[in-house]
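To start, the structure itself, in structure tokens.
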């Protein structure tokens, strides 16, 4: 669902989260923060320990996509929208320049979109893991991992590989892309199942509906695995099962109306670059 912001936002309270323990001055945010404050937008600095305060209208994630993933866990199921301010290198989630963010907040020229989150339940673990990009399992030692995947009650052929990635459409330009997974438009309601370095030539990434219930059953002669949910890592020591599905809540991401996913692919990944396309 998309919510268009068509009116001036002159009374807002925003939290500013900066990655890598930098200050707003070190990040070059002085001008942006001064502009929004003069425009009637109150801001305060936040970190992972303090958490987001009540009556916060938006969180500014300053850094790269890794910082954005950390902020997505910080807001959790609060429904507070997050806007990315780019201080990293690539940035599909945090692609915006500080001056563009200031312009959008002061004029309301942005859209709030819902991004799918994954929920993973690991056998023997009390906590539920939530991820915006992907959940992965991969080998911890030298031995290959066998991953049995049950999709809505039907078992797929066993994956013999270094591991497996289950990603959202948002994560299609992240780890999944580096192992040959397809690029998917962020608004697509799908999940991607992509093997990591498969040990057979006839296995390929699979696109499934985002309402699918996925069960992973892992085995390895080493008897240990590594599980990740975005930037959270967990080491597992026994043959185990992991249930993956779409979370019951989503992340509300702020997209500036001037930004465009296809243009981002072209600029950041040189998608479609060919001398024959030059005009």
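The values are calculated or read from the model by the stated rules, or taken from the named source; none is laboratory data. Since the structure is predicted, the reported quantities are computational estimates derived from the model, not experimental observations. With ideal geometry, Cβ positions are generated from the backbone for all residues, glycine too; neighbour counts draw on all protein chains shown.
Some points to look at:
- Hits in segment 118-144 (condition: in contact (Cβ under 8 Å) with a residue 12 or more places away in the chain, more than 21 Å from residue 203 (Cβ to Cβ) and part of a loop (DSSP other than H, G, I, E, B)): 123, 124, 125, 132, 133, 140, 141
- The residue that is surrounded by the most Cβ atoms within 10 Å (Cβ to Cβ), counting only those in segment 238-272 that are farther than 28 Å from residue 111 by Cβ and modelled with pLDDT under 85, is 239.
- Scanning segment 145-162 finds one or more residues that are part of a strand (DSSP E or B), without any contact (Cβ under 8 Å) to a residue 60 or more places away in the chain, out of contact with any helix residue (DSSP H, G or I) (no Cβ under 9 Å at 6 or more places or on another chain) and crowded, with 18+ Cβ neighbours inside 10 Å.
- Considering only residues in segment 196-205 that are surrounded by 12 or more Cβ atoms within 10 Å (Cβ to Cβ) and touching a residue at least 40 places away in the same chain (Cβ under 8 Å), the one that is nearest to residue 116 (Cα to Cα) turns out to be 196.
Yes/no per residue for (1) modelled with pLDDT of 85 or more; (2) surrounded by 14 or more Cβ atoms within 10 Å (Cβ to Cβ); (3) in the same structural domain as residue 108 (by TED's automatic domain parsing):
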| site | (1), (2), (3) |
| --- | --- |
| 22 | no, yes, yes |
| 25 | no, no, yes |
| 38 | yes, no, yes |
| 41 | yes, yes, yes |
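A quick yes/no check of all residues on (1) within 16 Å of residue 104 (Cα to Cα); (2) in a helix (DSSP H, G or I):
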residue: 20; (1), (2): no, yes
residue: 37; (1), (2): yes, yes
residue: 44; (1), (2): no, no
residue: 62; (1), (2): yes, no
residue: 72; (1), (2): no, yes
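- Residue within segment 84-95 that is under 19 Å from residue 47 (Cβ atoms), over 13 Å from the mean Cα position of the chain (by Cα) and crowded, with 20+ Cβ neighbours inside 10 Å present: yes
- When residue 227 is tested against (1) outside the structural domain of residue 135 (by TED's automatic domain parsing); (2) in contact with a strand residue (DSSP E or B) (Cβ under 6 Å, 6 or more places away or on another chain), just one condition goes unmet, and that condition is (1).
- The listed residue being assigned by TED's automatic domain parsing to the domain that holds residue 53, surrounded by fewer than 24 Cβ atoms within 10 Å (Cβ to Cβ) and closer than 20 Å to residue 244 by Cα, out of 100, 77: 77
- Within segment 52-59, the presence of a residue that is closer than 19 Å to residue 251 by Cα, surrounded by fewer than 18 Cβ atoms within 10 Å (Cβ to Cβ), under 13 Å from the mean Cα position of the chain (by Cα) and not assigned by TED's automatic domain parsing to the domain that holds residue 224 is excluded.
- Top-ranked residue in segment 68-93 [being within 17 Å of residue 175 (Cβ to Cβ) and in contact with a helix residue (DSSP H, G or I) (Cβ under 8 Å, 6 or more places away or on another chain); ranked as modelled with the lowest pLDDT]: 88
- Residue in segment 108-117 that is farther than 30 Å from residue 257 by Cα and part of a strand (DSSP E or B) present: no
- Test: residue in segment 191-203 that is out of contact with any strand residue (DSSP E or B) (no Cβ under 9 Å at 6 or more places or on another chain) and either in the same structural domain as residue 66 (by TED's automatic domain parsing) or farther than 26 Å from residue 235 by Cα (or both): yes
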